[in-house]
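Some notes on the structure that comes next.
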Amino acid sequence: MAHAIAALRSFNRFYTGHVGALDASFLSSELTLPEARVLYEVASRSPAIASEIGSELAMDPGYLSRVLRRFAARGYIERGRGDDARRRPIALTAAGRAVFDTLDARQYARVAAIVAPLAPVDAAALVGALDTVRTMLGAPGGEIRIRDFLPGDMGGVVSRQADYYAREHDWSGGMEQLLLEVCAGFLRDHVPGRSNCWIAERGGAMVGSVFVVDAGDGVAQLRLLHVEPAARGLGLGGALVGRCVDLARAAGYREIMLWTHSVLVPARRLYEAAGFRIASTEMHDEFGVPVEGETWRLSLADDR
């Protein structure tokens, strides 16, 4: 954990200097950075309410009140009428809108200059990394979408799952090797309509994944189901399992099977709810520690 703290502090020092957050005035305006942030909230809300702005910014109410009074004195804002004085709507005046538009254009230009040297693939990686940081540090999550795999997704699947299983279950080298083999085999043998990988995303960040592949002899295999801890309890795991079963049925497989472990209790509940049943169990130490593996099967013969 200490390395994460040091890394985040180092990034904060780098970024605040990089974007001019420490300048006496923000983007050569007469506003400080906190004042500019309040102005943004007023401009982007309809209506803007002081208490809601304070809550969003975690800003001291007394300080926010002083900022709003300065805005009113400069002619940037006007307050409407309301039944509750604490919830009087705030709106930008024409002068306030002009100040905001100027700041907004300057900030867009500065950020555009920062990202301009990036190749398209690096710009996409930056978006994903920023979304991941927001999610991991507790930013409110957006809608989760499930899509088919794209080039580059296999690396994300291996990285996230290898890290998760090493931290949560102490499964080390053998698990990462398995992940690499499954992903490489999928890319080598993928036949549209007979196999697929689905990626779940929230805000551009990968929060889940699953594979279904052809195991031979009319049997499909569900592999590498994973849902990030921050995205659990939302029905995502069941939706991913459902995608696999639906494809297996549509492709005409007689059965779908999977291999899991007795310690993976949440995943086992999903499999049971989808109709899978345990067919066999065995102990192994492929991941560096003794663990009970389980083979589960779901017959699709009745669907024919």
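The values are calculated or read from the model by the stated rules, or taken from the named source; none is laboratory data. Note that the structure is predicted; figures quoted are calculated from it, not measured. Don't worry about glycine lacking a Cβ; one is built from the backbone with ideal geometry, like all the others, and counts go over all protein chains shown. When the accessible area is computed, the model is the full protein with side chains, heavy atoms only, and any ligands, DNA or RNA have been set aside. Shrake-Rupley method; radii C 1.70, N 1.55, O 1.52, S 1.80 Å.
A compact table of results
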quantity	calculated
Matching residues in region 187-231 - criterion: being more than 27 Å from the chain's Cα centre (by Cα) and within 18 Å of residue 155 (Cβ to Cβ)	188
Within region 104-129, tally of residues that are in contact (Cβ under 8 Å) with a residue 40 or more places away in the chain and more than 30 Å from residue 202 (Cβ to Cβ)	1
Identity of the residue in region 96-127, acidic (Asp, Glu) and under 19 Å from residue 19 (Cβ atoms), that ends up surrounded by the fewest Cβ atoms within 10 Å (Cβ to Cβ)	122
Only listed residue being modelled with pLDDT of 95 or more, open to solvent by 50 Å² or more (accessible area, probe 1.4 Å) and aliphatic (A, V, I, L, M), chosen from 180, 222	180
Close pairs from region 8-32: first part of a helix (DSSP H, G or I) and of a type outside the set (Val, Ile, Thr), partner open to solvent by less than 60 Å² (accessible area, probe 1.4 Å) and modelled with pLDDT of 85 or more, Cβ under 9 Å, at least 6 apart	26/32; 26/34; 26/35; 26/36; 26/103; 27/36; 27/103
Residues (in a loop (DSSP other than H, G, I, E, B) and either in contact with a Pro (Cβ under 6 Å, 6 or more places away or on another chain) or more than 26 Å from residue 46 (Cα to Cα) (or both)) located in region 69-125	80, 89, 116, 117, 118, 119
Subset of region 43-67 (residues that are under 16 Å from residue 97 (Cβ atoms) and either exposed (fewer than 13 other Cβ atoms within 10 Å of the Cβ) or out of contact with any Pro (no Cβ under 8 Å at 6 or more places or on another chain) (or both))	43, 44, 45, 46
Pairs, first acidic (Asp, Glu) in region 268-291, second surrounded by 14 or more Cβ atoms within 10 Å (Cβ to Cβ) and not in a helix (DSSP H, G or I), C-beta under 7 Å, six or more apart	282/293
Residue within region 185-204 that is without any contact (Cβ under 8 Å) to a residue 40 or more places away in the chain, crowded, with 17+ Cβ neighbours inside 10 Å and under 26 Å from residue 126 (Cβ atoms) present	no
Given (1) hydrophobic (A, V, I, L, M, F, W, C); (2) surrounded by 14 or more Cβ atoms within 10 Å (Cβ to Cβ); (3) under 30 Å from the mean Cα position of the chain (by Cα), index of the condition residue 31 fails	(3)
Test for residue 207: is it in a helix (DSSP H, G or I) and touching a helix residue (DSSP H, G or I) at 6+ places or on another chain (Cβ under 6 Å)	no
Among (1) assigned to a helix (DSSP H, G or I); (2) open to solvent by 70 Å² or more (accessible area, probe 1.4 Å); (3) at pLDDT 95 or above - the single one residue 247 does not satisfy	(2)
Filter result for the condition that a residue is part of a strand (DSSP E or B), open to solvent by less than 30 Å² (accessible area, probe 1.4 Å), polar (S, T, N, Q) and over 23 Å from residue 232 (Cβ atoms), over 281, 295, 260	295
